[in-house]
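Participant: Take this structure first; my questions come after.
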Amino acid sequence: MNPEKNPLGNLDEWEEDLLKRYPDPESIANGKSTAEYRNYDTPQRDTVKEFYRLNHTYQTYDFVIEKEKDFLAFNKKEMPIWKAFEYLNELVDDSDPDTNLDQLQHLLQTSEAIRRDGHPDWMVLVGLIHDMGKVLCLLGEPQWAVVGDTFPVGCAYSDKIVYPEFFQANPDYTNKDYNSKYGIYSPNCGLRNVHMSWGHDEYVYHMMKDYLPESGLYMLRYHSFYAQHREHAYDHLMDDHDREMFKWVKLFNPYDLYSKNPTPPDWKVLRPYYEDLVAKYLPSTLKF
């Protein structure tokens, strides 16, 4: 039977088929071994370790609550998405040991890898915007409060988080309300009830939650949560719905991580396609 003439019967079947198409990381890595990525023992850039020292020292529960109240009001700016991309064209992520390309080039590499593998256009859009929340740097935030791996606050910091030794300088490390396995949470309470370290993931999730399917929103919100989607360090906080939706996070992650390579994409050639894609899903201006 020709599958092109026998479309999937319902959305659940379609999603199940899509999730079978997990990418081959080596093919995305474009000749570079996947073992060479996320090398935090001997990172190529000196900024990486200092970034995580600051991040782990200052990402407290109180800090996160303050930032959520401040930035999730989305009352700082209103501008077209392309204005935000112009800024990302100047930003290099100090936490990333794998690339020194600007953020727009990384976003295009991610979305183009997703598009090449034939995934739906909303997932291509997720690839394009997944790091757009890094415009927080444009709003005056230091990089340690914007980028890097994310993790729950309000409970014990896992030793599976990169550079866990730096948490010893964090006030919450010795706070009895926050330093136990569950802290302020209850077993399997669901990640929607958990406060994550503040940064671009949470910010762009809230910005996009009215425009994309839930599977795409999980990709946005948890794509930097490596301690969970790679190490399973916080299974005790996840519920059944999280476990089901993390299949989408794991589908997305290889495109985000392994598409990074030194060859920048040709934005002039790609721009018409992405202008049409953005116009299909998003309003003409976004609130930041």
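The values are calculated or read from the model by the stated rules, or taken from the named source; none is laboratory data. Predicted, not measured: the structure shown is a model, and the values here were computed from it. Cβ atoms come from the backbone with ideal geometry, glycine included; neighbour counts cover every protein chain shown. Surface accessibility is based on the protein's heavy atoms, side chains included, excluding ligands, DNA and RNA. Shrake-Rupley method; radii C 1.70, N 1.55, O 1.52, S 1.80 Å.
Participant: Along region 185-199, what does the Karplus equation 6.51 cos²θ - 1.76 cosθ + 1.60 (θ = phi - 60°) give for ³J(HN,Hα), rounded to whole Hz, x for Gly and Pro?
Facilitator: 9, 10, x, 6, 6, x, 5, 5, 9, 10, 8, 9, 3, 6, x
Participant: Still on this model: Which loop-located trypsin sites (Lys or Arg not before Pro) does region 203-282 contain, where loop means any DSSP state but H, G, I, E or B and the Cβ has at most 15 other Cβ atoms within 10 Å? Intermediate results must be reported in sequence, preceding the final value.
Facilitator: Details: sites: K209, R221, R230, R243, K247, K250, K260, K268, K280; in loops: K209, R230, K260.
In loop regions of region 203-282 (DSSP not H, G, I, E or B), the sparsely surrounded trypsin sites (Lys or Arg not before Pro) are K209, R230.
Participant: Semi-axes, largest first, in whole Å: what does sqrt of 5 times each Cα gyration tensor eigenvalue give for region 178-288?
Facilitator: Values: eigenvalues 185, 59, 31 Å².
Calculated on Cα positions only, the semi-axes equal 30, 17, 13 Å.
Participant: Here's something else I'd like to know. Treating only the Cβ atoms of Lys and Arg (+1) and Asp and Glu (-1) as charged, compute the dipole magnitude of region 73-227 about its Cα centre; round to the nearest 20 debye. Write out the running numbers ahead of the final one.
Facilitator: Values: 12 positive and 22 negative charges, 103 e Å.
Dipole size: approximately 500 debye.
Participant: For each pair in K49/K83; K181/K247; K76/K134; K76/K181; K134/K268; K134/K287, compute the distance between the two Cα atoms and list the pairs where it is over 26 Å. Please report the intermediate quantities before stating the final value.
Facilitator: Working: K49/K83 31 Å; K181/K247 24 Å; K76/K134 14 Å; K76/K181 36 Å; K134/K268 22 Å; K134/K287 14 Å.
Too far apart for the 26 Å limit: K49/K83; K76/K181.
Participant: Got the relative contact order for region 105-144 handy, in percent, Cα pairs under 8 Å and 6 or more residues apart? List each step's numbers first, then the result.
Facilitator: On the way: 22 pairs, mean separation 15.3, N = 40.
Result for region 105-144 is 38 percent.
Participant: Return a whole-number percent for the relative contact order of region 134-270, with Cα pairs under 8 Å and 6 or more residues apart as the contact set. Before the final figure, lay out each step's value.
Facilitator: Details: 153 pairs, mean separation 35.1, N = 137.
Relative contact order here is 26 percent.
Participant: In square angstrom, what is the accessible area per residue of region 236-288 with a 1.4 angstrom probe?
Facilitator: Working: 2570 Å² over 53 residues.
Ligands and nucleic acids excluded, the result is 48 Å² per residue.
Participant: Rounded, prolate or oblate, given the Cα gyration tensor of region 120-177, with a/c below 1.5 counting as rounded? Write down the numbers at each step before the final one.
Facilitator: Working: a/c = 2.98, a/b = 1.89, b/c = 1.58.
Prolate, because a/c is 1.5 or more and a/b exceeds b/c.
Participant: Name the shape class, rounded, prolate or oblate, that the alpha-carbon gyration tensor gives for region 226-288, where a ≥ b ≥ c are the square roots of its eigenvalues, rounded holds for a/c under 1.5, and otherwise prolate holds if a/b is larger than b/c and oblate otherwise. Show your work: numbers first, answer last.
Facilitator: Working: a/c = 3.20, a/b = 1.67, b/c = 1.91.
Note, shape of region 226-288 comes out oblate.
Participant: I would also like to ask the following. For L286, what residues show an amide H to amide H distance below 5 Å, using hydrogens built from the backbone and excluding near sequence neighbours?
Facilitator: M79, I81
Participant: Mind listing the phi-derived Karplus ³J(HN,Hα) values for region 201-208, rounded to whole Hz, using 6.51, -1.76 and 1.60 with θ = phi - 60°, and x for any glycine or proline?
Facilitator: Here the 3J(HN,Hα) series is 4, 5, 5, 6, 4, 5, 5, 9 Hz.
Participant: Could you run the Karplus curve 6.51 cos²θ - 1.76 cosθ + 1.60 with θ = phi - 60° over region 272-288 and give me ³J(HN,Hα) per residue in whole Hz, x for Gly and Pro?
Facilitator: The phi angles translate into x, 4, 6, 5, 5, 5, 4, 5, 5, 10, 10, x, 5, 10, 10, 8, 10 Hz.
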